[in-house]
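Chemist: Below: one structure in structure tokens.
The values are calculated or read from the model by the stated rules, or taken from the named source; none is laboratory data. The structure displayed is predicted, hence computed values, not measured ones. Glycine gets a Cβ as well: all are built from the backbone with ideal geometry, and neighbour counts include every protein chain shown. Ligands, DNA and RNA are stripped out before the accessible areas are found, and what is left, the full protein with its side chains, is counted by its heavy atoms. Shrake-Rupley method; radii C 1.70, N 1.55, O 1.52, S 1.80 Å.
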Amino acid sequence: MNIETPAIRINLGAGHDIQQSFTNLDILPLPGIDVVHNLNNYPWPFEDQSASEIRAIDVIEHMPNFTHDDRPGVIAFVEECWRILEPGGLLFIQTPGVNAAFAWTDPTHVRTFTRDSFDFFDPTTDFGKATGFYSYCTFKVDTIELENGNLQARMVKLLDNLPEGMYYYIGDGDGYHGASGLEILKAAAEGKDD
């Protein structure tokens, strides 16, 4: 008998915003934190396809421009979430948009985003069609701008929707190598390395 472990829900950068039905992760061992981990250190301590939801409230704007292995920081962040999410899983991101008054007030903010920034991960959008090679991971993206200028992106993990012939680039220690997006996604789903 094969008993499946239920998918977890992860609250990244939880700080003092502890969510009861989530695994709360933060860089500091604050009260209520379940996992202490620096999100700049990849991979994060979660299994592939182990989460049904990842919540990142006021986190992604703090990620560095580049990772320790020279990958774009936001791309690495979203790809790591994609790795951990099960197919159909939800990545919920809230972040200051360019119109948010607080966007550049916090000295630890590295960047802001526009309503279209996450469209690069959605192969059905103009940005996703034109620059889908930025990442092998794909989502169906819906982003709204709140009255205070913050953005909320709801990103649902896709797996088998990439058009043939599109190429996505993955990084490794030796640099970037091109491979068909479908090949990469199928290998990832089967647990194989490229």
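Results for (1) at pLDDT 50 or above; (2) among the aliphatic types (A, V, I, L, M); (3) open to solvent by 80 Å² or more (accessible area, probe 1.4 Å), shown as yes or no for each residue.
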residue: 133; (1), (2), (3): yes, no, yes
residue: 137; (1), (2), (3): yes, no, no
residue: 140; (1), (2), (3): yes, no, yes
residue: 156; (1), (2), (3): yes, yes, no
residue: 160; (1), (2), (3): yes, no, yes
residue: 166; (1), (2), (3): no, yes, no
residue: 176; (1), (2), (3): no, no, yes
residue: 185; (1), (2), (3): no, yes, no
residue: 188; (1), (2), (3): no, yes, no
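Chemist: Take the conditions farther than 22 Å from residue 122 by Cβ, of a type outside the set (A, V, I, L, M), free of Cβ contacts under 8 Å to residues at least 40 places away in the same chain and surrounded by fewer than 18 Cβ atoms within 10 Å (Cβ to Cβ) and apply them to residue 21. Does it pass?
Modeler: yes
Chemist: Of the residues that make up the stretch 50-58, is at least one without any contact (Cβ under 8 Å) to a residue 60 or more places away in the chain, hydrophobic (A, V, I, L, M, F, W, C) and either at positive phi or part of a loop (DSSP other than H, G, I, E, B) (or both)?
Modeler: The answer is no; no qualifying residue exists.
Chemist: Sort through 29, 6, 43 and tell me the only one that's open to solvent by 70 Å² or more (accessible area, probe 1.4 Å), in contact with a strand residue (DSSP E or B) (Cβ under 7 Å, 6 or more places away or on another chain) and either assigned to a loop (DSSP other than H, G, I, E, B) or over 24 Å from residue 79 (Cβ atoms) (or both).
Modeler: Answer to the check: 29.
Chemist: Also, quick follow-up: Does residue 88 count as touching a residue at least 24 places away in the same chain (Cβ under 8 Å) and either surrounded by 15 or more Cβ atoms within 10 Å (Cβ to Cβ) or under 24 Å from residue 40 (Cα atoms) (or both)?
Modeler: No, not satisfied.
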